Each structure stands twice: as structure tokens, then as C-alpha cells.
Amino acid sequence: VNKNVLSDIAVLGNSKETIQLLLPKVNNNSHDSWHDEFKKRYEIEFNEVINNDLNPTKEGLTMGEVLQQINIETKGNAAIVSDVGQHQMIACRYANFNITKSNITSGGLGTMGFALPAAIGAKMAAPDREVVAIIGDGGYQMNIQELGTIFQQKAAVKIVVLNNEFLGMVRQWQQLFFDKRYASTEMTNPNFVAIAEGYYIKAKK
């Protein structure tokens, strides 16, 4: 890109004119080999992980099945707010995001307790959208008092607590990298339904 074009871009800023100016200067690349590599790796992931998550042979619901059901109920149009942990990985893997700005997460920052207040903010920013907070039992208890904010502000946030009675991600790391020396990851949880009802919020297990 020559200097004249750069000066034009500086003047135009973030606009359609800038895009129209830049597009002819960009080489068209298909990245076929890169896409093929992703297809191969997805096939491995599907056979080793995804198929077992969505078609389990043991009793109970997997996190993947829960996300799949949320997709069905919301038609993939909800804003999904995830906390931090295994459920965050599951949400990013299985949630359908049909609308932009729908995957709300703290990313790799490890901010347990993020989801509940972030979901309230998302609902206030887009009151007409369905907002679903996907939270583990550990992160949920870091900001569970925000149920009071939800009740007082009448913020219609849906909360799904994926309760496996562990700090799941930490336990997984202890299993994989610390020779299964488990410490401080098993949780004895309260009655989450009773707590929600204490804030006059309907809940079920």
C-alpha cells in the first residue's frame, strides 16, 4: 500500500470508504491447506470427544447435552455468557452463535465469578435478547449474591449451573499434570434451588 493510500485511510478512518479503498489492495487467499488441517483435526475431536459428549452411554446429562438443549430452546439466538472452567470450554464448543456479539466470556483471564454480573450487564445492554449464563458450581458461588440484583432490577437472565461438585478445570489439571494429586477441588455445595427461591427467583434442579 503506497503512502497516498495510507494518508487517505488516516483521513477516512473506520468507514465504508476505507474498506472500499483497501479491498483492491488485499490479495485473495483461500487458505485451503489450513482449512483441510482443521477438518482433519475436527474429525479426531469428534470421534474422541464430541460424539461421547452428545451421545453418552452412562446415566445423567453431559455438559454437551445441556448446551445442545439450550441451542434447541433458544434456536441458537441467545447471548451465552460463560464463567471460567470446564463449562466455559463446553459452551464455546457446543453453543450455537447465530448472532454476532453472542459469546460473552472472560477468555483466558481465569476470572471465576465473571458470568453472573456479566449476564446482568448483557441483559441490560440488550433487554430484548435472551441471555443465558452458563456457570459452574465454583464460579457461581463467587457472585451468587448478584441474584439480589437480578431480582431488584427484574433482569430476566436465565442461569444454568452445571454442577459437577468439583472445581472441574483445576481437578482436570491435577489429573493430567500433577499425577492425580487432588487437593481442594471437591465441593460440598449448598442447595442452589433454595438460594434462588430465597431471592424470589424460580429455580429447579
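A simple count of charges around residue 61, restricted to other residues whose Cβ falls under 13 Å of its Cβ and scoring Lys, Arg +1 and Asp, Glu -1, yields -1. With helices as the sole contributors, the chain gives -13000 deg cm²/dmol at 222 nm; each DSSP H run of n ≥ 4 counts as -39500 (n - 2.57), and the sum is divided by every residue.
Restricting the count to DSSP beta bridges whose residues both fall in the chain, what percent are antiparallel, rounded to a multiple of 5? Of those bridges, close to 10 percent are antiparallel. Against the chain, whose longest principal axis is taken from its Cα atoms, helix 115-125 shows a tilt of about 50°. Keeping the other protein chains in place, figure out the carbon and sulfur percent of the accessible area of the chain, with a 1.4 Å probe. Roughly 53 percent, rounded to a whole number.
Computed from point charges on the beta carbon alone (+1 for Lys and Arg, -1 for Asp and Glu), the dipole magnitude for the chain about its Cα centre is near 400 Debye. Note on residue 26 and residue 59: the extension gain reaches 6.6 nm, defined as 0.36 nm multiplied by sequence separation minus the Cα-Cα distance. Axis angle, to the nearest 10 degrees, between helix 168-177 and the longest C-alpha principal axis of the chain: 80 degrees. Restricting the chymotrypsin sites (Phe, Trp or Tyr not before Pro) of region 72-159 to loop positions (DSSP other than H, G, I, E, B) with no more than 16 neighbouring Cβ atoms within 10 Å leaves 97. Based on Cα contacts under 8 Å between residues 6+ apart, the chain shows a relative contact order of 14 percent.
Counting only the backbone N, which residues of region 14-46 are under 19 Å from the spot 7 Å out from the Cα of residue 101 toward its beta-carbon? Backbone N within reach: 14-16. Note that the chain presents 68 Å² accessible area per residue, ligands and nucleic acids not counted, probe 1.4 Å. Relative to the dominant Cα principal axis of the chain, helix 32-45 is inclined by about 10°. Projecting the Cα positions of 140, 94, 51 onto the charge dipole of the chain (unit charges on Cβ atoms of Lys, Arg, Asp and Glu, taken about the Cα centre) puts 140 furthest along the positive direction. Comparing Cα centroids, region 100-151 and region 53-67 end up 23 angstrom apart.
The values are calculated or read from the model by the stated rules, or taken from the named source; none is laboratory data. Keep in mind the model is a prediction, meaning the values are calculated, not measured. For neighbour counting, all protein chains shown are included, and Cβ atoms are generated from backbone atoms with ideal geometry for every residue, glycine included. Side chains included, ligands, DNA and RNA excluded: accessible areas come from the protein's heavy atoms. Shrake-Rupley method; radii C 1.70, N 1.55, O 1.52, S 1.80 Å.
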